[in-house]
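Okay, so here's the structure we're looking at.
Bear in mind these aren't lab numbers, they're just calculated from the coordinates by the rules spelled out. These figures come from a predicted structure and were not determined experimentally. A quick note on method: Cβ atoms are made from the backbone with ideal geometry, for glycine too, and the neighbour counts reach across all protein chains shown.
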Amino acid sequence: MLVFAVETSCDETSVCIMDKDKNIYSHIIFSQEIHKRYGGVVPELASRAHLEILQKITKKVFEESGKKISDIDIFSATCGPGLIGPLLIGSTFTKSLAIGSNKPFVPINHIESHILSPTFNNEIRYPNICLLLTGGHTEIYLLESKKKITLLGETVDDALGETFDKVGKLLNLKYPGGPEIEKKAINGNEVAYDLPTPLLNENNLNFSFSGLKTAVSQIVKKNDLSNDFIANLSASFQFCVSKILLEKTKKAIKKFEDKSKKINSLSVVGGVSNNKYIAKKLIDFFKDKNIEILFPVKNMMSDNAAMIAWNCINKNLNHSKDIYFKVDPRLTIK
Ligand code: KG4
Ligand code: ZN
């Protein structure tokens, strides 16, 4: 079974051809540069850039893979959540290929694809707690199997990736701020600034990051953006974020332990899972607790079409009406 997959939910245009045995014949991720000058994603520009690039990279994946459109058994594309324009472009393009080839179209949930991404390269021991950390979502899930996914908590305001990007902007760093903050923090003092950790001690699994961003902005107003200042504030910010993630994860694990359910693994997914400092904090804490920490492979951490293809391959495929599936910017996991 050969799957063609398209991802266009935000500012990455990505196409992948994968078979059910996990062979990736070609996978291209194009990160749109146009948004850098605005310090954030401009939805209309994202739509236009997807339109411009999608056909070109589709041609390239077929060239690279040595496959023909007629070799494809299933066409799949992200249908939500995400930006409406970009979702419509990717899904309509892919539906057209499916109709033209007389093959099924399978709509795919972007968040579910991030959550399932570590199952590509790991045998997960369930139950598993999954930290989903992207630019638009920050959520904590319980996975009892690939199909039984329960939301336990989420951010009540900004997402973590978004907070990294906003803090990056305050520090005059390039967009996206996440990787830039990680680089600057290497030379910084993580206890230079004592930043707030909202909701940390509340008895729930929700997150809040807007107060943290405001605290950073107040410190920035009182200081010059020297290299030392940027490094120290970046390091303190990452320290604070990893403390919040660690505490909430411990709380989630304890919640199930109290009900005699031992959590066997923790997975960290989405763009922020690229962050090696956060990863190390989690790995160091859990290494002697008999909880395995799992990450996706590098090219499945940020937005990509391989995770869309992999999610499609894992579905019980019943595609009769899926060609009529409407994209949904707020699509949830059923
Ligand atoms: O999952 P993703 O590629 O797209 C969404 O679905 O939103 O996540 C993008 C987010 C951005 O906010 C970006 O700043 C963040 O992931 N990110 C990072 C790092 N690399 C990407 N955040 C922290 N540290 C990183 N190294
Ligand atoms: Zn994503």
Legend entry - Among beta bridges that DSSP assigns inside the chain, antiparallel share in %, nearest 5: 55
Legend entry - Student exercise, the range 124-295 dipole from Lys, Arg, Asp, Glu Cβ charges, in Debye to nearest 20: 520
Inset, instruction - Tell me which residues come under 5 Å, amide H to amide H, from Val106 once H is placed; ignore anything under 5 positions away on its chain. - result: Phe75, Ser76, Ala77
Inset, instruction - Neighbouring Cβ atoms within 10 Å as the yardstick, rank Val41, Val167 fewest first. - result: Val41, Val167
Inset, instruction - Among Phe164, Phe30, rank each residue by its count of other Cβ atoms within 10 Å, from fewest to most, as a rough exposure measure. - result: Phe30, Phe164
Inset, instruction - Rounded to whole Hz and in sequence order, give me ³J(HN,Hα) for the range 20-27 from the Karplus expression 6.51 cos²θ - 1.76 cosθ + 1.60, θ = phi - 60°, writing x for Gly and Pro. - result: 5, 8, 6, 6, 9, 7, 6, 8
Legend entry - Charge dipole (the chain, unit charges on Cβ, about Cα centre) - positive-most of Ile89, Asn128, Phe295: Asn128
Inset, instruction - Mind checking which aspartates and glutamates have their Cα closer than 15 Å to the Cα of Lys281? Skip sequence neighbours fewer than 8 apart in that chain. - result: Glu182, Glu190, Glu247, Glu292
Inset, instruction - Taking the convex hull of the Cα atoms, report for the chain its projected area averaged over all directions, in nm². - result: 16.8
Legend entry - Neighbour-count order for Phe237, Phe229, fewest beta carbons within 10 angstrom listed first: Phe229, Phe237
Legend entry - Three-way shape call for the range 119-204 based on the alpha-carbon gyration tensor, with the a/c threshold at 1.5: prolate
Inset, instruction - Would you calculate a helix-derived [θ] at 222 nm for the chain, using -39,500 (n - 2.57) for each DSSP H run of n ≥ 4 and dividing by the full residue count, to the nearest 500? - result: -12500 deg cm²/dmol
Inset, instruction - Take each complete run of DSSP H in the chain, measure how far its Cα atoms stretch along the helix's own axis, and keep only those covering 20 Å or more with mean Kyte-Doolittle hydropathy at least 0.5; list them. - result: 84-101
Inset, instruction - Quick one: pull the percentage of alpha-carbon pairs in the range 124-295 with a separation above 23 Å. - result: 37
Legend entry - Members of Lys148/Lys315; Lys146/Lys315; Lys20/Lys276; Lys166/Lys255 lying beyond 21 Å, as alpha-carbon distances in this model show: Lys20/Lys276; Lys166/Lys255
Legend entry - Between the range 255-334 and the range 171-237, the Cα center-to-center distance that results, in Å: 25
